[in-house]
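Colleague: The structure under discussion is supplied below as structure tokens; questions concerning it will follow.
The values are calculated or read from the model by the stated rules, or taken from the named source; none is laboratory data. Computed from a prediction, not measured in an experiment: that's the story for all the values here. We place every Cβ from the backbone using ideal geometry, glycine too, and count neighbours over all the protein chains shown.
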Amino acid sequence: MNGQNPISPVEAKSSPSHVIAAKRSSVWLHWNYTYVGDGPSGAVTLTYKEQLVRVNSTSQPSIETLAKRTGQHGALTLESTVPAPFNGRVQVIPGNSTFVIHGLQYNDSTYQLSSSVSLDIDPGGGAFTMHFVLKPVVSITVNGIPDFITRPQITLDVNEGSNLQLQVEMDGNPQPSADFRWPHLTGSSPTNVPSVKLYPFVYSSAYTLTNIDASYCGRLLQTTLKNSIGSSSDTASTNVTVLLKLDMDFGLKAGKIGGAKCIEVKWNKVESGACYVKYEVVLKSASGSNEYSYSGYNIGEIAKCSFLTYSNVTDVQLTVSFKSITRKVAANVSNTPLTTPTPNPPDTTYSSSSRVINTQTAEMNTQTTARTTQLTASVNNCGCNQASCDEWKLRDSAFLAVIVILIIMLIILSVIIIVMRRRLNSAKSPNQMRYCFSIFSYHFSFFARL
């Protein structure tokens, strides 16, 4: 060999020693070298045995073979059994002896890839094998925007006044953090919580809100992951239900409006955020019998007017319920009104709720924030408002006009019938009778169409 190596690495045409790539991308690795060729080389005879592409982990010293090339003119091929971390993700390009890794994962950053060539050297007294390590030894750094490993729960129940805690697990490189945000708090900035490393490239962040109040009921808590590369487009939402205490002073009171035969009931509503609290009002007599009942959601008052047995009512009971939590309060009904009465109120019941929902739908969707709401007219002082009164007047006028038109049509039809009878009685021939019948049929069909 005249003192020269038969294998000469060409680093300038090889892959760099450190490759930085994005998660899920691919890398192409190549080790370029020159070989003097099989046969005599000086005092020795060379025979190309094999080239190996191998991998080892920085945490595990064992080296495993991924691909092999046999003979000077052989092609690089994958081993029949590829180590589990790379199974299904590697390939070779035989034409230029390139090794490819697809679908890069963060754990690929813990591996080093190398290549070596083995030659059989025979100086004349017997052959021996020499191994030549090609340069460089390649390490890979896989970077990427973080993703959820364990997503936060979709719904979360927490007692009013306790501490809310929400934890997420994520991957990412560089190390990620988590932003926690309440969208209903307009103008508020998200709370960024740094992560704690659990395993290589696996991290955890935990958000805590102490002494949570009822205004957070039915609200969304959004979680977004980020690192120095960017933020994840995948935002997780948790619908939070605050289990209300219902321990407040409801200030229940009720009064009568004698002339209008109305009973008004008012109370203090519970703060419930975006959740629906059910209120049931029962008017009772002195004997304890129920004279009237009404229920609604997120209301603070009702008024029952043109109530024929209003004089029998002596007590009122209010039942407040949310999920499995219920509280009842009672009060006496005063004989004096709570507000100034409006004369001649209609026979109906009004509530102060600005959101009226179907009972079955409301109970099924108590904890959801995308709820269907209806705007109902709030009626004050147990009377109709101006718009509703004008509408009733318009309907009454239209009804009277229809009645007058019908009376006029009946009078005209009666006159026609009388005239036709007289003509039939005075008709002397069949032709005259047929003429009278045709005239009568024409007028009758005309009014029938009307």
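Colleague: If we keep just the residues of segment 196-206 that are in contact (Cβ under 8 Å) with a residue 24 or more places away in the chain and aliphatic (A, V, I, L, M), which is surrounded by the most Cβ atoms within 10 Å (Cβ to Cβ)?
Modeller: 202
Colleague: Please give the number of the condition residue 73 fails out of (1) without any contact (Cβ under 8 Å) to a residue 24 or more places away in the chain; (2) surrounded by 14 or more Cβ atoms within 10 Å (Cβ to Cβ).
Modeller: Going through (1) without any contact (Cβ under 8 Å) to a residue 24 or more places away in the chain; (2) surrounded by 14 or more Cβ atoms within 10 Å (Cβ to Cβ) one by one, residue 73 breaks only (2).
Colleague: Separate question: Taking the conditions exactly as written (in the same structural domain as residue 71 (by TED's automatic domain parsing) and either outside any strand (DSSP E or B) or within 40 Å of the chain's Cα centre (by Cα) (or both)), does residue 161 satisfy them or not?
Modeller: No, not satisfied.
Colleague: Sticking with this one: Does residue 272 qualify as being among the hydroxyl-bearing types (Ser, Thr, Tyr), within 24 Å of residue 208 (Cα to Cα), assigned to a strand (DSSP E or B) and at pLDDT 95 or above?
Modeller: Judged against the criteria, residue 272 is not a match.
Colleague: Return the pair list, or none, for Cβ contacts closer than 6 Å from residues in segment 92-104 that are outside the structural domain of residue 29 (by TED's automatic domain parsing) to residues that are part of a loop (DSSP other than H, G, I, E, B), at least 6 apart or on different chains.
Modeller: Final answer for the pair search is none.
Colleague: So, of the residues in segment 42-70 that are charged (D, E, K, R) and touching a residue at least 24 places away in the same chain (Cβ under 8 Å), which turns out to be nearest to residue 108 (Cα to Cα)?
Modeller: 54
Colleague: Here is a further query. Has segment 175-195 got at least one residue that is touching a residue at least 60 places away in the same chain (Cβ under 8 Å), part of a loop (DSSP other than H, G, I, E, B) and within 30 Å of residue 325 (Cα to Cα)?
Modeller: If we filter segment 175-195 for residues that are touching a residue at least 60 places away in the same chain (Cβ under 8 Å), which is where we start, we get 184.
Now restrict to residues that are part of a loop (DSSP other than H, G, I, E, B): 184.
Filter again for within 30 Å of residue 325 (Cα to Cα), leaving 184.
Within segment 175-195, one or more residues are touching a residue at least 60 places away in the same chain (Cβ under 8 Å), part of a loop (DSSP other than H, G, I, E, B) and within 30 Å of residue 325 (Cα to Cα).
Colleague: Is it fair to say residue 216 is under 30 Å from residue 147 (Cβ atoms), touching a residue at least 40 places away in the same chain (Cβ under 8 Å) and not β-branched (Val, Ile, Thr)?
Modeller: Yes.
Colleague: Here is a follow-up. Quick check on residue 234: is it part of a loop (DSSP other than H, G, I, E, B), at pLDDT below 95 and within 23 Å of residue 194 (Cβ to Cβ)?
Modeller: Yes, satisfied.
Colleague: Does segment 116-136 include one or more residues that are outside any strand (DSSP E or B), within 15 Å of residue 51 (Cβ to Cβ) and basic (Lys, Arg)?
Modeller: yes
Colleague: Would you say residue 175 is surrounded by fewer than 16 Cβ atoms within 10 Å (Cβ to Cβ), at pLDDT 95 or above and farther than 26 Å from residue 21 by Cβ? Outline the logic, then answer.
Modeller: Values: surrounded by fewer than 16 Cβ atoms within 10 Å (Cβ to Cβ): yes; at pLDDT 95 or above: yes; farther than 26 Å from residue 21 by Cβ: no.
So residue 175 does not fit the description; no.
Colleague: Let me ask another. When only residues in segment 309-328 that are under 26 Å from residue 258 (Cα atoms) and hydrophobic (A, V, I, L, M, F, W, C) count, which is surrounded by the fewest Cβ atoms within 10 Å (Cβ to Cβ)?
Modeller: 318
Colleague: Which residue is surrounded by the most Cβ atoms within 10 Å (Cβ to Cβ), if the candidates are limited to segment 276-308 and must be touching a Ser or Thr at 6+ places or on another chain (Cβ under 8 Å) and not in a strand (DSSP E or B)?
Modeller: Ranking the candidates gives 305 first.
Colleague: Taking segment 102-130 on its own, how many of its residues are exposed (fewer than 15 other Cβ atoms within 10 Å of the Cβ) and among the β-branched types (Val, Ile, Thr)?
Modeller: Selection size over segment 102-130: 1.
Colleague: Please verify whether residue 273 is assigned by TED's automatic domain parsing to the domain that holds residue 339, crowded, with 21+ Cβ neighbours inside 10 Å, under 28 Å from the mean Cα position of the chain (by Cα) and closer than 30 Å to residue 161 by Cβ, treating the condition exactly as stated.
Modeller: no
Colleague: Identify all residues within segment 18-59 that are exposed (fewer than 13 other Cβ atoms within 10 Å of the Cβ), among the hydrophobic types (A, V, I, L, M, F, W, C) and assigned to a loop (DSSP other than H, G, I, E, B); write none if there are none.
Modeller: Scanning segment 18-59 gives a single hit, 43.
Colleague: Give segment 6-17 a look and list any residue that's outside any strand (DSSP E or B) and among the aliphatic types (A, V, I, L, M), or say none.
Modeller: Passing the criteria: 10, 12.
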